[in-house]
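Every read-out reported here was derived from the displayed coordinates using simple, explicitly stated rules and does not represent laboratory data. Here the structure is a predicted model, which means the values were calculated and not measured. Don't worry about glycine lacking a Cβ; one is built from the backbone with ideal geometry, like all the others, and counts go over all protein chains shown.
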């Protein structure tokens, strides 16, 4: 499976990683994506759009006090698109995104997807983290 994210999700990750209380986020995302790369169906969370052909999920990672991630699975392209995330605790913590915030995340994804404006997520196996590379059509 290929992993991507929109710029807002990348910016949120980088903002959170600057805070010591969220230092484990990179490792948690690595574990999530690496598990999927190794054949685990661990990406299945709570489906938010039951009638859509492209599944939009929210999933908890790192337990109840960890993080909530929101993403699309595009089956025909074997791709996962991270669209939003937030910690459950701490300065930036919240229990869930509101319905309005979810709609905004879905709209942003659609805009970025139609423009081919997103980042490829690469797994850093040595550092057990993730890296971002601006997507280019010729890279796919």
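Would you please put 79-90, 119-130 in order of how densely packed they are, using the mean number of other Cβ atoms within 10 angstrom per residue and starting with the highest?
Ranking the peptides 79-90, 119-130 by packing returns 79-90, 119-130.
Between residue 136 and residue 99, 0.36 nm times their residue separation minus their Cα-Cα distance comes to what?
10.2 nm
Can you give the Rg and Dmax of region 1-71 based on its C-alpha atoms, in angstrom?
Both quantities, over Cα of region 1-71: 12.8, 40 Å.
What percent do you get for the relative contact order of the chain when only Cα pairs under 8 Å and 6+ apart count?
Here the relative contact order equals 28 percent.
Can you give the Rg and Dmax of region 72-140 based on its C-alpha atoms, in angstrom?
14.3, 40
Along each principal axis of its Cα atoms, how long is the chain end to end? Whole angstroms, biggest number first, please.
Largest first, the chain extends 37, 36, 27 Å along its Cα principal axes.
Could you rank the peptides 2-10, 51-59 by their average count of other C-beta atoms within 10 Å per residue, with the highest value first?
The peptides rank, most packed first, as 2-10, 51-59.
If you take the square roots of the eigenvalues of the alpha-carbon gyration tensor of region 97-136 and sort them as a ≥ b ≥ c, do you get rounded (a/c under 1.5), prolate (a/b over b/c) or oblate?
Cα axes put region 97-136 in the oblate bin.
Based on the mean of other Cβ atoms within 10 Å per residue, sort peptides 26-38, 104-116 so the most packed one is first.
26-38, 104-116
Take region 39-118, compute every pairwise Cα distance, and split them into 5 Å bins from 0; I just need the percent in each bin.
Result returned by the calculation: 3, 14, 24, 26, 18, 11, 4, 0.
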